[in-house]
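Report on one structure; see the data block that follows.
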């Protein structure tokens with residue numbers, strides 16, 4: 001192979017295609033697909049049954065969980081395996097929704113279908129370990 005026939009790393013990288021997505025953004029997927037198909041009985045009282053806050057996007061844990069559902073959904077939608085989407089529901093959506101919609105212990109537990117209250121992050125309620133406490137664990 002001559003020097004003019006060699007492929008540079010940049011040329012190899014430029015031929016790699018990013019997998020196409022069905023939805024260009026997380027919020028497009030949520031607004032157009034997920035929120036349009038989910039149907040759950042939601043409580044009007046905080047702490048009872050299932051809840052989905054009208055201001056869900058102000059709950060960081062919910063946003064992170066939903067974003068992870070979107071990325072997994074895109075992978076399942078692009079998969080050649082016909083069972084991939086079923087796996088997405090069983091292994092991703094169902095457990096995530098159980099946690100998110102749990103009105104007693106989930107990230108929106110202070111909210112109701114009709115009202116929003118910020119939920120404090122766990123770190124707001126923790127006491128910091130003393131300096132050196134974890135030194136024995138090593139780097």
Nearest-ten-degree value, helix 60-78 long axis tilted from longest Cα axis of the chain:
40
So, relative contact order of region 40-119 in percent, Cα under 8 Å, 6 or more apart, is 47
Express the Stokes-Einstein translational diffusion coefficient of region 40-119 in µm² s⁻¹, to the nearest whole number, given a Kirkwood radius over alpha-carbon pairs, 4 °C and a viscosity of 1.567 mPa s.
99
Determine, from the Cβ-Cβ distance of residue 78 and residue 123 and an R0 of 30 Å, the FRET efficiency 1/(1 + (r/R0)^6), rounded to the nearest 0.05.
0.25
Taking Cα pairs under 8 Å and at least six residues apart, what relative contact order does the chain come out at, in percent?
28
What would the Debye equation give as log₁₀ I(q)/I(0) for the chain at q = 0.22 Å⁻¹, counting only Cα atoms as equal point scatterers?
-1.30
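Just so you know, all these numbers are worked out from the coordinates, no wet-lab data involved. Computed from a prediction, not measured in an experiment: that's the story for all the values here. As a convention, Cβ positions derive from the backbone with ideal geometry for all residues, glycine included, and neighbour counts pool all protein chains shown.
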